1. Using +1 on the beta carbon of Lys and Arg, -1 on that of Asp and Glu, and nothing else charged, what's the dipole of the chain about the Cα centre, debye to 20?
2. About the Cα centre of region 135-231, how large is the charge dipole given +1 on each Lys and Arg Cβ and -1 on each Asp and Glu Cβ? Please answer in debye to the nearest 20.
3. For K56 and L155, calculate 0.36 nm times their separation in residues minus their Cα-Cα distance, and state this gained length in nm to one decimal.
4. Calculate one ³J(HN,Hα) per residue across region 109-125 by plugging θ = phi - 60° into the Karplus curve 6.51 cos²θ - 1.76 cosθ + 1.60, and present them in order as whole Hz with x for glycine and proline.
5. I'd like the Karplus ³J(HN,Hα) series for region 2-12: coefficients 6.51, -1.76, 1.60, θ = phi - 60°, whole numbers in Hz, and an x wherever there's a Gly or Pro.
6. Only sites in a loop by DSSP and with at most 11 other Cβ atoms within 10 Å count here; which trypsin sites (Lys or Arg not before Pro) in region 1-101 make the cut?
7. Specify which residue in the list I231, F160, P189 is farthest towards the positive end of the charge dipole of the chain, using unit charges on the beta carbon of Lys, Arg (+1) and Asp, Glu (-1), about the Cα centre.
8. What does the charge count near L44 come to, summing +1 for each Lys or Arg and -1 for each Asp or Glu among other residues with Cβ under 10 Å from its Cβ?
Amino acid sequence: MMTRAEINGILLFDPFNIRYLTGYKPTCVAGSSVAVLAPDNEPLLIVPHEEYELAKANSWFRNVLSYSPQKKEEIHSPFFGCIHDAINQHNLQAVDIGIELDFISARRFEDLKRLFPDAGFKNITVPMNELRMVKDDIEIEKIQGAVQTAENGLLAALEFIQPGISEIEVAAEVERTLRRAGATNTGYPTVIASGTRATCPYIPASRREIGADELVVISISAINDDYCSKITRTIVTGKPSKKQQALFKCTFDAVSAARSQLNPETHVRDIALSIRRIAEDKGYIEVLSQQMGTGVGLQPHEPPHVSTSNETPLLPGMVFTIETGFFDPNLGGVHLGDMILCQKGGVYTTLNQIALDLI
């Protein structure tokens, strides 16, 4: 990747990219750690002093440095002092360095340019995303574990939801179940969205009490050893009305149609186009959700993002969701999604076991 990008070194600040390349995910404020890489030198990880022992224990980088809070007489912050020393040690003072311009702040970028006036900087956000899109067997195993855990949480929600229970009570039961099943965290706040709140598919659970005969969107992301899952289902608390059934059927048909047309030649945009065709045929295009799928890995929403303009081919090792939703401001919404693994030979496996058609 460094050769293709024509860079001689890398500074990584994004904690997810640091985790990907070093094995250790920084736990303090995002951007307070950095990984330094150069082709002909031992890579280096710089972390706050309170994270040093954790980083040493969990990173496969042999060189781990730490820094302490700044003293008043110091010109540069200890963090930038460590970066300065590392750049000098790796002979990167006057070469092109890759950095994540989509992650770091404008102020940090200006600080880097002042600190290294003879260096050039190139944005490696896209190349890093491309590296992370294809998972190896160990990553896939961790994601599969996260999926199983998330489905435990979904089953808990299905048993707990009833009229009169608040959304946040259901979310608490889900997250308690996830923790008991071994999840270290959630990829995003658990979504329990009922009634008209279900028009927004990623709105966190609120104190609203779930009503009778309402649509309820459930979206859960469990984390297993830093790797995420994502499962989204919709139920109704009672007998579904004809309008609710029609909304659900359109969503179910859209996800199913996109899933059924996966083949060795499929590109990401083909998923979005398939979903849009169903929406247009059934007259729901105006209420189609913008979210039609995304990659899943160290984050529950990462490239490839499913859209009609994304021409990325689906490759073996990619894990992604096919998902969509349709919304009626008077009814609420339906949102459904499956997690898919692309394997060799154009074989696609659905990682989740709980069926889409819960209504």
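1. Numbers: 33 positive and 44 negative charges, 115 e Å.
The dipole magnitude comes to about 560 debye.
2. On the way: 9 positive and 15 negative charges, 54 e Å.
Result for region 135-231 is approximately 260 debye, rounded to the nearest 20.
3. Numbers: separation 99, 0.36 × 99 = 35.64 nm, distance 3.82 nm.
Gain on stretching K56 to L155: 31.8 nm.
4. 4, 5, 4, 5, 5, 5, 6, 10, x, 9, 8, x, 10, 10, 6, 10, 4
5. 5, 5, 5, 7, 6, 10, 10, x, 9, 10, 9
6. Values: sites: R4, R19, K56, R62, K71, K72; in loops: R62, K71, K72.
Counting only loop positions with at most 11 other Cβ atoms within 10 Å, the trypsin sites (Lys or Arg not before Pro) in region 1-101 are R62, K71, K72.
7. Final value for the positive-end residue is F160.
8. Details: positive: R62; negative: E42, D85.
It works out to a net charge of -1.
FYI, it's all coordinate maths here, none of it is from the lab. Note that the structure is predicted; figures quoted are calculated from it, not measured. Reconstructed Cβ throughout: ideal geometry from the backbone, glycine too, with neighbour counts over all protein chains shown.
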